[in-house]
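A short write-up of the structure that comes next.
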Amino acid sequence: MLRRVVLAVIATIAAGPAFSQAYPSKPITMIVPFAAGGPTDLLARIIGERMGKELGQQFIIENVTGAAGTIAMAKLARAAPDGYTIGIGHVGTNVANAVIYTKLGFDLVNDLEPIARLPANPMLVVSSNNVPAKTLKELVEYLKANPDKVSGGTAGIGSGSHLGALAFNKATGATYQLVPYRGTGPAMQDLIGNQIQVMVDQSSNSLPQVQAGKIRAYAQTSAKRSPAMADIPTAAEAGYPMEIMIWNGLWAPKGTPKDIIDKLNAAAVAALSDPAVRKRMEELGQDLPTVEEMKPAAFAAFQKAELTRWKPILEAAGVKFE
Ligand code: MLT
């Protein structure tokens, strides 16, 4: 704790007007809590590349995997609060895990500083092409008839794909064996190869594979059909009401000076205002936040509201990691 106080004091002294006017004067590291090739990594690289252009410094992606993002967030919380280490996370890594993991050794919400809210991904219920089901109803019946024979990918307890599996079970009563990966990028390779058979996965990861005919989609988990996935029914239309969106965001270590947070926020807003970035996000089925929703204070309030919403859901599901 003393180290953090000292770092915060140094950062505050250093972050006088001259310091923050010069910021950033070197590359910025963005910690990504899941393996390369997955939805969080993809978003990090798109946003990081464009933020780097805005700030005139390279964004270096550092994949720090394990324990559904808690290892990455611990590393972020310990980093110097100087604006040169930030992290990307989502509702799993920065809300659900605050409820699920009770012995993290740091405060997942209060030891991090919200920078900006990022796009939200609807999820897709998908299977390998080997599964003998053509509709969500047939998939549910198949899972119920083969309770121990079907495996599904997650990125660990508390990951977005784990929250998706919980929502799927709540909506359908069907379950599958959860196989943890370091991200749904690696899990997707096993789904395509039928080493695992199902997944509830973020659209940005699954939709390109569905469009390439490598896996099958049964439903999307948004309230209404995303234009990029107009031919895929919502879970409600397919008979099982189930809404879950994996929203993303950027955080910095607590104590990062406000004017640096504001510079990073402005760069994230510029990135999501770029027509090429918006087009790419929309093609992947993502919902983009408004500039107002992206502001640090609005994002902090949103995160706290999500914590209040998810806490009883996870406690009712008995999801705890001691
Ligand atoms: C990923 O990037 O691998 C995903 O966000 C993992 C997950 O949360 O399911």
Inset, instruction - Could you check, for the range 214-236, whether at least one of its residues is of a type in the set (S, T, N, Q), surrounded by fewer than 24 Cβ atoms within 10 Å (Cβ to Cβ), within 16 Å of the ligand (Cβ to nearest atom) and touching a residue at least 12 places away in the same chain (Cβ under 8 Å)? - result: no
Legend entry - Conditions (1) more than 16 Å from the ligand (Cβ to nearest atom); (2) on the phi < 0 side of the Ramachandran plot; (3) in contact with a strand residue (DSSP E or B) (Cβ under 9 Å, 6 or more places away or on another chain); number of the one not met by N146: (3)
Inset, instruction - Write out, first by first residue and then by second, each pair whose Cβ atoms fall under 9 Å of each other, whose residues are 6+ apart or on separate chains, and whose first residue, in the range 90-107, is farther than 15 Å from A300 by Cα and more than 16 Å from the ligand (Cβ to nearest atom) while the second is at pLDDT 95 or above and basic (K, R). - result: F106/R78
Inset, instruction - Within the range 165-180, count every residue that is farther than 16 Å from I313 by Cα and either without any contact (Cβ under 8 Å) to a residue 24 or more places away in the chain or in contact with a Lys or Arg (Cβ under 8 Å, 6 or more places away or on another chain) (or both). - result: 1
Inset, instruction - Could you please give the count of residues in the range 41-86 that are among the aromatic types (F, W, Y) and in a loop (DSSP other than H, G, I, E, B)? - result: 1
Inset, instruction - For the range 37-59, name all the residues that are under 14 Å from P119 (Cβ atoms), in contact with an Asp or Glu (Cβ under 8 Å, 6 or more places away or on another chain) and of a type in the set (A, V, I, L, M, F, W, C). - result: none
Inset, instruction - Only one of these is in contact with a helix residue (DSSP H, G or I) (Cβ under 6 Å, 6 or more places away or on another chain), at pLDDT below 95 and within 27 Å of T154 (Cα to Cα): V32, V109. Name it. - result: V109
Legend entry - Single residue of the range 180-210 satisfying the filter (within 12 Å of the ligand (Cβ to nearest atom) and outside any helix (DSSP H, G or I)) that is farthest from T93 (Cα to Cα): M199
Inset, instruction - Output the number of residues of the range 151-165 satisfying the condition of being surrounded by 20 or more Cβ atoms within 10 Å (Cβ to Cβ), farther than 16 Å from T40 by Cα and either more than 12 Å from the ligand (Cβ to nearest atom) or among the polar types (S, T, N, Q) (or both). - result: 0
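Go through K103, K134 for me and flag whichever is loosely packed, with under 13 Cβ neighbours inside 10 Å and over 30 Å from I86 (Cα atoms).
Values: K103 fails: over 30 Å from I86 (Cα atoms).
Only one candidate qualifies: K134.
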Legend entry - Residue pairs meeting the criteria (Cβ under 7 Å; at least 6 apart or on separate chains; first in the same structural domain as H90 (by TED's automatic domain parsing), in the range 306-322; second surrounded by fewer than 14 Cβ atoms within 10 Å (Cβ to Cβ) and part of a helix (DSSP H, G or I)): none
Inset, instruction - Give the residue, chosen from L112, L178, L166, that is in contact with a strand residue (DSSP E or B) (Cβ under 8 Å, 6 or more places away or on another chain) and over 30 Å from P257 (Cα atoms). - result: L178
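The values are calculated or read from the model by the stated rules, or taken from the named source; none is laboratory data. This one's a predicted model, so the numbers in the text were calculated from it and none came from an experiment. Cβ sites come from the backbone with ideal geometry, for glycine too, and all protein chains shown count toward neighbours.
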